[in-house]
Each structure stands twice: as structure tokens, then as C-alpha cells.
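Please treat every number below as a calculation from the coordinates, not as lab data. Just so it is clear, the model here is predicted, and its values are computed rather than measured. Ideal geometry is used to build each Cβ from the backbone, glycine not excepted, and the neighbour counts take in all protein chains shown.
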Amino acid sequence: MKKPILLIVYGLVTSLFVLFFWYFGIREDKQNFWNEKPIGLIGEIEEKYVMVTFQSGLDYWRSIMKGFEDAAQILNVSVDFRGATQYDASEEITVLEQVIAKKPAGIAVTAINPDALIGTINKAIEAGIPIVLFDSDAPNSMAYSFLGTDNYSAGAQAAREFGRLLVGKGKAAIVTQPNQLNHEERTKGFKETISKEFPNIEIVQIADGKGNVQESEKIAESILRKYPDIDGFFATQANGGVGIGQALKKLGLAGKKVVIGFDTDKGTLDLVKDGTINATLAQGTWNMGYWSLLELFHHYHNLVQPDSEDMNGAHPLPPYIDTGVTIVTQANVDNYYAK
């Protein structure tokens, strides 16, 4: 009895194998089954996405670039980084024009000036090259999205920390970069929050540090000579905070004035750690780079249909993503050094 049963079992197994082989390997509609690409957000290595910055040597960009690179690795695409070497709108426009001429799959741009780059950004969009903005916006351009800090809110958070440390009373100065939208918004958020919530704190001067450590140091020294009774400073950018810190150390005032900085470059973190800077605001920089590339990828692959009720598998993308901020003090500064 066992032998006929075994023959039946062998016959069934053989039949199933033949059926499997026919279904997945031989029949015409499955000829390319084994060569099909994996399903998901996967691009081609020949696709090149470019990030354009200004003052390209700043440590600040490193985390943003890392996010851009990490997204590229996941999506199987290529990335490149280009930037103006100086704080110069004309130089950034030239760099952006050169990038557009190479017709990349998409470009992520930080705008040195909210108006200066509009024409060049629009030129790329009209040529079919997707552009998103990160860190510093050009809201009147045709760029698809802005990914960055809610800078007004960040300025307000800095004001509240400043007011808490001064116990609601004193004199303050701001070192910033006029004509750059993100710095203007931080300054506005700080000023208006101080005025509303800490009326006994007077902002005696707003100065241009030109995004430069040496210039910010000179400005801080000048303010300290003019207002020797000043109680503290707010810097809207990393180099400004470092310059203020160096001025305070030179004059023997480190730890005697309240300083709120911005960003988490090593120079700023070192000054937080030794107590020269009381706190700094850490931006979600990795998020800026990562989500910038994700949005560009969606646009390049026509996965976005923002004006259509019938999406056909595509989805709208937000025109603005707030990448967040965190207050860094001596208590948590070690968590922000590059590993």
C-alpha cells in the first residue's frame, strides 16, 4: 500500500513544481518577472541632485549635506554640492546658473537674499528643473517648497530664554545679518517677544556682524564700549555668537554677560561648554537636507499632483516643512558634538 501512496505524493510534488515553473518562468506575461525592478522609491544612479549654498566653507552646512547624502543612498541617486565661497549674492547666482546649465534632476538652494535669486530660481523651474529652498527662503520665487526653521518662532524662543536668564530686566544687543530673510525673522521674533513678554528689557542696538567671526567680534567690542552696562547679546547666526564670545573673553567679561547664540558648530558648542555662551539654538539641519532630496525626487519622478482630485498614486507635498529647533545648554551640549 505504501508504494502507490508514495507514487501519488511524488506525482503531486512534480506537478506543483511544473506548474510553478510555468507560471513564473515560461508563460508570456511573466517573461520579465525576474528582471523587474524592486517596488518603491528607487531612482537611477545617473540621476544627479545638486545642493547650492553660500559661504560654502561653513561647518553649518555639514549636517545638511549629510541628510542630503543619506537620502541619496536610500533612493539610489547621486548628489553634488556647489556653493559661493563668500557671502555674496552675485557669486551664488553665478554658481546657480552654472548648475542649471548642467540640467540636473533637481536643485536644493539656500537663498542668501530673499529677492536676489528669484529670477534664477524661476529660470530653472521654467526649464523643468525642480527647485526647493532650505534654511533661507525666497518666498516670492516659484520654488516648490521651503524646508527650514520657523525663524520667527526660534527668535521668540531665544527671547524667552534670554528673559529668563536676566530675570526679566536689563539691556540687550542683537548681532545679525540684515537682508537675509531667516535672520530678519529671528530678529523680529526676538524683538517682538522681548517687547511683549519682558517690557523691562531694553534692546539698545541691532548690529550687522556680516556673518563673520572677526567682524562680529569687532561689533561686540564696540557695543561693550558704548554700553558698558549692557547685560547680554543675542546672535542670530553661529559666527556672530563666536565673535561675541571672543570679545567677552578678550575683555575679561566671559560668563558675566548673557549670550544666546544660534546653531551648533564646534566653536559655538565649545563656548557653551565653557560657559561663555549660555545657550544656543540647534536647528534640524539634517532634516533640511534629507527632506529636500525626498521632495526633489518626488517632483522629478512626477509623483506629485497637488492640483488634482484624482491622484493616481501621487500625493501633494507641503509647501513648507518646519524642521524644528532645540535649546542647547551646558546640561546637554555634549550630545551635539559630531560623533
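Scanning region 185-217 for residues that are free of Cβ contacts under 8 Å to residues at least 12 places away in the same chain and outside any loop (DSSP other than H, G, I, E, B) gives 195, 196.
Can you tell me which residue within region 247-286, out of those that are of a type in the set (Val, Ile, Thr) and assigned to a helix (DSSP H, G or I), is farthest from residue 235 (Cα to Cα)?
Across region 247-286, the extreme among qualifying residues is 285.
Figure legend. Inter-residue proximity from region 156-176: first residues more than 12 Å from residue 259 (Cα to Cα), second residues among the small types (Gly, Ala, Ser) and buried (at least 24 other Cβ atoms within 10 Å of the Cβ), beta-carbon distance below 6 Å, spacing 6+ or different chains. No pairs are indicated.
Of the residues 121, 100, which is within 30 Å of residue 44 (Cα to Cα), touching a strand residue (DSSP E or B) at 6+ places or on another chain (Cβ under 7 Å) and aliphatic (A, V, I, L, M)? Just a single option satisfies the conditions, and that option is 121.
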